[in-house]
Amino acid sequence: MPVVDVDPDELRELTGHEEKSDDELKDDLFNLGLEFEGETDDGELQLEFAPDRLDRLSVEGVARSLRYQYGDETGVYVPNTNDPDWTYEVAESVPEGRPYVTGAIVRDVNMTEDVLESLIQLQEKLHATMGRKRAKAAIGIHDLTMLKGAGLGDDGSGHSITYRGIDPDGDRFVPLDADSEMTPAEVLTDHPIGDKFGDLLDGFDRYPAIYDDLGLFSFPPVINGRRTEVEAASRDLLIELTGTDQWTIDHICNIICYALSARGGTIEEVEINYPAATGPYKTVGGGLVRPDFGIDTKHVAHDRIETILGVDFEQREVADLFARAGLSASIVDDAGNAADVNAVTDGDGVVYAVEIPPYRVDVLHPMDLIDDLGRAYGFNELEPRYPDIGTVGGRHDRTQLEDAARASLVGLGFEDLLNFHMISAEANYDRLNIEPSATAGDGDRRLVGAGEPVEITGPYSEDYTQLRTWVLPSLLMVLENNTHRAYPQDLAEIGLAAEVDESENTNVAEWRSIGAVLARNDATYEDAKARLAALCDDLDVDLETPPTEHPTFIDGRVADVVIDGDVVGVIGEIHPKVLVEHDLELPVAAFELRLEALQ
Amino acid sequence: MRLPDSQLAVLEAASATEPTPVDRLADETELKPETVTRAAFDLRDDGLVTIAERTETTADPTDEAHDYLESGLPEVRLYRAAIEADADDAVELGQLIGAAGLEGPEVDIALANFARKGYGTIDSGSVTADPDADPDSDPEADALATLADGGSVDNDAIDADLLDQLERRDLIVRREHTVREITLTDDAVTALMEGIETAETVDRLTPEMLTSGEWVDVEFSEYNVEADAPSIEGGRKHILRQTADRAKDVLVGMGFQEMDGPHADADFWINDCLFMPQDHPARTHWDRFALDVPPIQGLPDQLVDRVESAHRDGVGEDGDGYHSPWDRDFAEAVALRGHTTSLSMRYLSGFAGADIEPPKRYFSVEKVYRNDTLDPTHLLEFFQIEGWVLAEDLSVRDLMGTFEEFYAQFGITDIKFKPHYNPYTEPSFELFGEHPTTGEIVEIGNSGLFRPEVLEPLGIEADVMAWGLALERLLMLMYGFEDIRDVHGTLCDLELLRETEVLH
């Protein structure tokens, strides 16, 4: 979960509550869902929170939420915006994989080292979360005074920058943290940051690039140019975002604009000129004005709030709680006229129209507003109650059978084990002296344990590359790892085994398999057979053990486990080759069979 | 008075005036020494004998010493060979080795002890024997001979320094043992004079005794009932299974029905139904175990369409969808389930075949798979306790009351509900509780009401509250384990599993 570093002094300043102690702030923050994790070396609070309220990824957003919570601020606030002076031209050459752009101009920011640090952190956290590590959205913030935009109008008024696609070696610029000019392709190979984000441009013929009159100044989603680097002395900023989804980059832009507005900045709109209103631009249109501070409205029924929270509210209480959540509720009467939302009524039948500020990215449904309201009320204020709902409990047939078989095995003296379902091919087949898909002597039946492996795509560990096809390999590994422990070691496990089977709709056949081993100085086939017979007796099925061949076992001391006429497993003395492979120095008798055969 | 045979025999053999050692009594009574000892202790408890104990040191010659007793000590053999060769002058060592019959390490032994004992001098490989030395009265050889003949350290007053020297040469092994000597008390003398009858004692009750009625006349020999018995390992259910069964018992008692379903499942059931956007970080390659098998067949088309629509456009009049890609191929890809909520989706959709008219309670305690770094608290496979309640008009308070009741069964009380974010529930809560022994506040689960975007496509009109919890976490809380790998998986320690206390 994201962790944000917040300077408590800045938080006091931005909330206007200089009197709050660090501990009081921590309590207030916990109620917002921000958990204090620790302090940085500089004394900043490290706050962890779930990745829904991305507008709180910086001290400015956290302060805003606190001001609503304290009741210092009410209603949905929208910063004033000035009319556009800059235009973002988008060329047809823009790479298909990254078609969208948005942005804003912010002037007169009270920039300091602290503000800059907070801005950089906000940018990083937005990249990591909503930006999907820059794959979905990449942010560039530039010092406006370092940009030279060509006028567009006949009279030379206005300025523009251009977003286009260029040949990977088609131009040169000096990237951040570098001293010499590089082409975008060289950035990917030679610049430290290129290594981290180069993958995002895999398969691109043309690389995204943003130009002003002086040339290339931004290479999204990788790195900005050094020329326009923002410093503590910068006052006027140009923000540009590129990405794969217009809504996403627009909302990230809003979050940044709100944070800068809290630092005294004035927001100035920009025009976006797409090359067409077709193709990827069909849904967004050919020309846009951004940032888009439009307010969304969702409707919530008073009765639904009461059933979800289990509390009876007066209408004005609900209105107040919405206000504390930074939302704004209003109602209309039956005639369609605005009514007083703060009226003292029980609110029955009322539907609130709730305004949602443009920095919120997490409100998809009215239920999200009820959650906001619950947080403002304080969920821990709610009295738990046990629901008065009558239902009958019960176990699944499959696990009841498993329990009965396990109880029988434990009664026969086996220690019940629990191993991983994932295993390596080597442990599952090779070390048991069998091969995948090997068949039994007569050739028309697959050897027990030799099922076709269900393999993990691109496994991360060589110890776990597939699901096990039987249980005995796991039990032999336990014996191998416990040779220093007292014998006899009589172990059994009932657990999942699986193989590829295209007659199943998942293409994977899964079943519970019973595996058992007797590791003792005098373990024989007879010992295993006696216990298997007792198990079959307990579960009231007929057992036969006709001789068979199986390379895991000693020839002549191995049999098919046949229950009610079907071959369901194998029993025998483990072959010395397999024992030696597992560093075992005493005989092991074993059996394995499908649980369902005991039904 | 009636006494068992063995006790009477000991009484009769012992004396009231002279303490008699156990060994001698054993010889006289023809009983085993341990039988005599046991009888003596029983007699002492009856006030018939006194037992004096003292510690005796014995020194037993080693095999090497026995060899020398036959062939002579190596240094003595060297001396005799040297005298034989030339009583007055130095002789080359090489000439003497064969004559003295010294083999292998005996040469070094002979040289090391020759000068020490004053048999002569050795200089640059030449041996000069001292003609005045007396090899026939070598104290070490004499002591060994005495000990080998059954002599004792104490009785034959063998010098302690000499014993040390022999022990250093590995020619004897010294041991200390307890000697018990038995003396009759006055009561015993009186009883013997009055006459004591024997009672037949038997070691084991046999079937013959029972059928013949012989058992009436016998006395059973007493066992040392305090002695340790050989240790045995009974079978036992794995402790994680025990914990799972306990959770299942609690849930069944609370009216929950158990679910069952596939471990390898379509991403559709694992994630898409749960309104997890397809570009969610938890759905990337690094977090899931994708399987190398063809896509799932037979997903219900209408349900797939409704789920896709919820992802793209949301549900309800004011609903919004995600601004994320959605692709049916990804939904149909098969992976190991990252949570058992896939089962909840199969059941709630009706696909699992169960009736889903409210009210319903369902649960499972089953394995899930997540690609995490293996460490003391994280495994790639673990058990998830999953539960949900379907009913009309459920509230957050019902959710809180249900979970308080569940955790109280495990001794975890005073639960805190921290507002949380999950893509599939709203409101959502992380559950925190106090550790029953350490008092630490620990996370014990994740819960919430399923979102409308989850329920509407499934065709559910009532409310559903759900929660999940790692069973291993419950186990570690209950048993205080520090490394889950000792318990679960092929690296498990059988001794730990055997010795862990059974909780009830």
> For the range A:3-70, with every protein chain kept in place, what is the accessible area per residue (1.4 Å probe, Å²)?
Replying inline: 39
> Hey, what do the phi angles of the range A:72-88 turn into as Karplus ³J(HN,Hα) couplings, whole Hz, using 6.51/-1.76/1.60 and θ = phi - 60°, x for Gly and Pro?
Replying inline: 6, 9, 9, x, 7, 9, 10, x, 5, 10, 8, 5, x, 10, 9, 10, 9
>> As a test question: what accessible area, to the nearest 10 Å², does B:His238 have when a 1.4 Å probe is rolled over all protein chains in place?
In response: 0
> Mind checking the dipole of chain A: about its Cα centre, +1 per Lys or Arg Cβ, -1 per Asp or Glu Cβ, Debye to the nearest 20?
Replying inline: 780
> Once both axes come from the Cα atoms, what is the angle between helix A:472-481 and the longest principal axis of chain A, in degrees from 0 to 90, rounded to 10?
Replying inline: 90
>> Ignoring everything except DSSP H segments at least 4 long, calculate the 222 nm mean residue ellipticity for chain B; use -39,500 (n - 2.57) per segment, divide by total residues, nearest 500.
In response: -10000 deg cm²/dmol
> Gap in Å between the Cα centre of the range A:432-489 and the Cα centre of the range B:253-268?
Replying inline: 26
> For A:Asn433 and A:Glu92 in the same chain, what is the full-extension length gain: residue separation times 0.36 nm, less their Cα-Cα distance, in nm?
Replying inline: 116.5 nm
> Roughly how many whole Å is it from the C-alpha centroid of the range B:339-377 to that of the range B:79-116?
Replying inline: 89
> Based on the alpha-carbon gyration tensor of the range A:434-553 and its eigenvalue square roots a ≥ b ≥ c, which shape applies: rounded if a/c is under 1.5, prolate if not and a/b is larger than b/c, or oblate?
Replying inline: oblate
> Of the GluC sites (Glu not before Pro) in the range B:323-412, which ones lie in a loop per DSSP and count no more than 14 other C-beta atoms within 10 Å?
Replying inline: B:Glu392
> In debye, nearest 20: dipole of the protein assembly as shown around its Cα centre with unit charges on the Cβ of K, R (+) and D, E (-)?
Replying inline: 4320
> Dipole size in debye (nearest 20) for the range B:240-499 around its Cα centre, Lys and Arg Cβ +1, Asp and Glu Cβ -1?
Replying inline: 420
> Which of the lysines could a cross-linker bridge to B:Lys416, judged by Cα under 24 Å and excluding same-chain residues fewer than eight apart?
Replying inline: A:Lys26, B:Lys248
> If you take the square roots of the eigenvalues of the alpha-carbon gyration tensor of the range A:397-598 and sort them as a ≥ b ≥ c, do you get rounded (a/c under 1.5), prolate (a/b over b/c) or oblate?
Replying inline: rounded
> How much accessible area is lost when chains A and B come together, counting both sides, with a 1.4 Å probe, in Å² rounded to the nearest 100?
Replying inline: 8400
>> Quick one: the Cα spread of the range A:62-126 along its three principal axes, in angstroms, biggest first?
In response: 50, 27, 25
> For the range A:144-251, what's the relative contact order in percent, using C-alpha pairs closer than 8 Å and at least 6 residues apart?
Replying inline: 28
> Do any chymotrypsin sites (Phe, Trp or Tyr not before Pro) in the range B:187-230 lie in a DSSP loop with no more than 16 other beta carbon atoms within 10 Å, and if so, which?
Replying inline: B:Tyr223
>> Nearest 10 degrees is fine. How inclined is helix A:315-324 to the longest principal axis of chain A, computing both from alpha carbons?
In response: 90
> In percent, how large is the relative contact order of the range A:81-290, given Cα pairs closer than 8 Å and 6 or more residues apart?
Replying inline: 39
>> Can you compute log10 of I(q)/I(0) for chain A with the Debye formula, treating each Cα as one identical point scatterer, at q = 0.06, 0.12 Å⁻¹?
In response: -0.56, -1.04
> Mind listing the phi-derived Karplus ³J(HN,Hα) values for the range B:125-135, rounded to whole Hz, using 6.51, -1.76 and 1.60 with θ = phi - 60°, and x for any glycine or proline?
Replying inline: x, 10, 10, 10, 8, 8, x, 7, 5, 10, x
> Which of the GluC sites (Glu not before Pro) found in the range B:54-122 are loop residues per DSSP with 13 or fewer other Cβ atoms within 10 Å of their Cβ?
Replying inline: B:Glu103
> For the range A:311-448, what is the convex hull (Cα atoms) projected area averaged across all directions, in square nanometres?
Replying inline: 19.9
> In square angstrom, rounded to the nearest 10, how much accessible surface does A:Asp320 have for a 1.4 Å probe?
Replying inline: 70
> In deg cm²/dmol, rounded to 500, what helix-only [θ] at 222 nm does chain A give when every DSSP H run of at least 4 residues adds -39500 (n - 2.57) and the total is split over its residues?
Replying inline: -7500 deg cm²/dmol
>> For Cα pairs less than 8 Å apart in space and 6+ apart in sequence, what is the mean separation divided by the residue count of the range B:297-376, i.e. the relative contact order in percent?
In response: 21
>> For a test of the definition: using alpha carbon positions, the gyration tensor, and the 1.5 limit on a/c, classify the protein assembly as shown as rounded, prolate or oblate.
In response: prolate
> When averaged across all projection directions, what area in nm² does the alpha-carbon convex hull of the range B:1-141 cover?
Replying inline: 12.7
> Which whole-percent values make up P(r) of chain B when all C-alpha to C-alpha distances are grouped in 20 Å steps starting at zero?
Replying inline: 16, 25, 14, 21, 19, 4, 0
>> I'd like the orientation of helix A:397-411 relative to chain A: the angle between its Cα long axis and the longest Cα principal axis, in ° from 0 to 90, rounded to 10.
In response: 50
> When the Debye formula is applied to the Cα atoms of the range B:240-499, each taken as the same point scatterer, what base-10 log of I(q)/I(0) results at q = 0.11 Å⁻¹?
Replying inline: -0.61
> Roughly how many Å is it from the Cα centre of the range A:527-599 to that of the range B:421-451, as a whole number?
Replying inline: 46
> On the first, second and third principal axes, largest extent first, how far apart are the outermost C-alpha atoms of the range B:118-255 in Å?
Replying inline: 102, 65, 31
> Ranked from the most accessible area to the least, with a 1.4 Å probe and all protein chains present, what is the order of B:Phe481, B:Phe256?
Replying inline: B:Phe481, B:Phe256
> From the phi of every residue in the range B:481-487, what ³J(HN,Hα) in whole Hz does the Karplus formula 6.51 cos²θ - 1.76 cosθ + 1.60 yield, where θ is phi - 60° and glycine or proline is x?
Replying inline: 5, 9, 10, 5, 5, 5, 10
> Among B:Pro325, B:Pro207, B:Tyr223, whose Cα sits farthest toward the positive end of the charge dipole of chain B (+1 at Cβ of Lys/Arg, -1 at Cβ of Asp/Glu, about the Cα centre)?
Replying inline: B:Pro325
> Ignoring ligands and nucleic acids, what accessible area does A:Thr283 show with a 1.4 Å probe (Å², nearest 10)?
Replying inline: 130
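The values are calculated or read from the model by the stated rules, or taken from the named source; none is laboratory data. Every value quoted in this text rests on a predicted model; they were computed, and no experiment measured them. Here Cβ is always computed from backbone atoms with ideal geometry, including for glycine, and neighbour counts include all displayed protein chains. These area figures cover heavy atoms from the full protein model, side chains too; ligands, DNA and RNA do not enter into them. Shrake-Rupley method; radii C 1.70, N 1.55, O 1.52, S 1.80 Å.
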